[in-house]
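Worksheet: one structure, shown below.
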Amino acid sequence: MDLFERYLKCTGFESLREWKSLATKQPALEDLSNLVPKLLTTAPLPLLLKLLEFNGYGLNCDKIQFKLRPVILLPVSRALDSQVALAQILAEVRERVAGFGQSPNRPELYGALDYWGLEIKLELIIETLRQIQVAFPQLNIIAPSSNEMKQIADYNQITISDLLSCLKQAGLSELDMSYDANLLQIASDRNFKIRLGLPLTNPSDFTQVLVDVLAATRQGKYQLAAVYPFTERPLDTLDHDGPFGCMTLRAVALLRLLFPAPTTVRAPISHFGIKAANVALAHGAEDLGYVGYDRESVERFGLLPLSEVLSAFSYSGFSLLPTDFVIESIAADFQPSDQLTKEVAEGKNLQFNYQWQC
């Protein structure tokens with residue numbers, strides 16, 4: 001039984017034939033592939049959770065699994081400004097990562113540049129990236145943002161397409177980006193591993209972007225490693241005039257229902273906060289995104305410290321697989337309380353310094 005038929009069952013239709021009989025009486029019948037996400041975006045959240053259970057996600061699975069992505073700061077701005085040799089900076093970084101992942105199955109570590117040299121020649125940026133990759137072959141360098149790429153391309157008088165080709169040749173393979181149809185297509189053509197944020201400004205905009213991305217993905221235009229609801233600011237700083245928390249949880253559930261594996265669904269813990277990320281796991285999230293491995297990355301990028309996140313989850317009964325930073329929990333041990341879920345749905349008490357409670 002496919003997702004649409006399960007939806008019909010939950011809403012009272014006995015069969016697809018019965019629904020089609022009713023639908024053909026309407027003046028305009030949309031293509032089912034576009035109709036399903038539009039139907040689901042108007043569905044009550046409990047119905048989405050029931051569909052998640054049918055598909056083996058959320059709490060209806062043997063284990064809740066999710067991944068954290070630790071980040072270390074790469075202070076290359078001094079080298080780009082010719083104030084200090086890059087070798088000296090890399091030596092400093094090596095000291096900070098010395099204790100990270102000693103086993104052969106060490107987890108992935110991400111490097112974030114403190115400055116992308118918007119007014120520095122592209123050749124210097126590329127050479128810097130190559131030297132970092134040689135010094136730290138296990139390091140995944142986080143690519144510049146969409147806006148940074150546009151500024152770099154403008155300053156160097158090249159196209160975004162040429163810039164992405166240069167970044168690819170320099171060893172970058174992953175790209176986190178908010179939705180931009182043109183940039184998304186270019187990055188897909190160059191085989192970047194893309195983690196895509198869909199703008200969560202209002203339900204209608206989110207639905208339209210969701211339909212467009214789904215259609216292109218099904219046609220093979222995009223190769224998405226992960227998808228996630230995107231907001232400009234952390235949840236705890238937003239004005240909650242409406243049920244924004246509920247809309248966020250709905251978006252997480254929708255993305256999990258509509259994007260098949262191996263695409264994962266992210267609930268960025270440094271953006272959501274620990275409390276909302278906790279509840280998002282019960283709504284289909286699997287990837288909690290970036291956390292700060294070192295003090296520098298926490299202060300520079302506003303990430304939650306890895307140590308704080310691990311302490312919170314350990315306190316609530318999760319077991320950590322230390323070689324991979326994949327955290328697992330037996331479903332029976334993971335039941336966000338009704339009060340916790342209600343507060344997140346209503347956008348209340350989402351502050352980052354939340355004291356973990358089960």
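The values are calculated or read from the model by the stated rules, or taken from the named source; none is laboratory data. Predicted model only: the values in this text are computed from it and were never measured. Virtual Cβ from ideal backbone geometry, glycine too; neighbours counted across all protein chains shown. Please note that ligands, DNA and RNA were not included when accessible areas were found on the heavy atoms of the full protein model with its side chains. Shrake-Rupley method; radii C 1.70, N 1.55, O 1.52, S 1.80 Å.
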Task: FRET efficiency estimate (nearest 0.05) - Cβ-Cβ, SER145 to CYS246, R0 35 angstrom - done: 0.80
Open item on the list: Give me, ordered by chain and number, the residues 5 or more places off ILE158 or on other chains with an amide H under 5 Å from its own placed amide H.
Closed with: none
TODO: Between beta-carbons, use under 13 Å as the cut-off and find the net charge around GLY284, counting Lys and Arg +1, Asp and Glu -1.
DONE: +1
- [ ] Give a residue-ordered list of calculated ³J(HN,Hα) values for the range 117-134 (Karplus: 6.51 cos²θ - 1.76 cosθ + 1.60, θ = phi - 60°; whole Hz; x for Gly, Pro).
- [x] x, 4, 10, 10, 4, 4, 4, 5, 4, 5, 5, 4, 4, 5, 5, 5, 5, 5
Task: Positive minus negative residues near PRO75 (Lys, Arg vs Asp, Glu; Cβ under 9 Å) - done: -1
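For ALA87 and ASP180, calculate 0.36 nm times their separation in residues minus their Cα-Cα distance, and state this gained length in nm to one decimal. Working shown, then result.
Working: separation 93, 0.36 × 93 = 33.48 nm, distance 3.61 nm.
Contour length minus the Cα-Cα distance gives 29.9 nm.
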Open item on the list: I'd like the accessible area for ARG94: 1.4 Å probe, protein heavy atoms, all chains in place, Å² to the nearest 10.
Closed with: 110
Task: Local electrostatic count at SER204 - Lys and Arg +1, Asp and Glu -1, tallied over other residues with Cβ under 14 Å - done: 0
Task: Estimated inter-spin distance, LYS38 and LEU118, nm [label 7 Å along Cα→Cβ] - done: 3.9
Task: Heavy atoms of ASP212: accessible area, 1.4 Å probe, square angstrom to 10 - done: 70
TODO: Please give the FRET efficiency for SER307 paired with SER161, using the beta carbon to beta carbon distance and R0 = 45 Å, rounded to the nearest 0.05.
DONE: 0.65
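Shape verdict for the range 156-306, please, from the Cα gyration tensor: rounded (a/c under 1.5), prolate (a/b greater than b/c) or oblate.
oblate
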Open item on the list: Less than 14 Å from a label point 7 Å out along the Cα-to-Cβ axis of ARG130: which backbone N atoms in the range 150-173 qualify, by residue?
Closed with: 166-172
TODO: Quick one: which residues, 5 or more positions from LEU109 or on another chain, have an amide H under 5 Å from its amide H? H modelled 1.01 Å from N in the peptide plane, none for Pro or chain starts.
DONE: ASN140
Open item on the list: If amide hydrogens are placed 1.01 Å from N in the peptide plane, which non-local residues have theirs closer than 5 Å to the one on TYR115?
Closed with: VAL76, SER77
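How high is the FRET efficiency between ASP212 and GLN169 when r is their beta carbon distance and R₀ equals 35 Å, given to the nearest 0.05?
Plugging the Cβ-Cβ distance into 1/(1 + (r/R0)^6) gives 0.70.
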Open item on the list: Given bins 5 angstrom wide, list per bin the percent of all Cα-Cα distances in the range 117-235, short to long.
Closed with: 2, 11, 20, 21, 18, 14, 9, 4, 1, 0
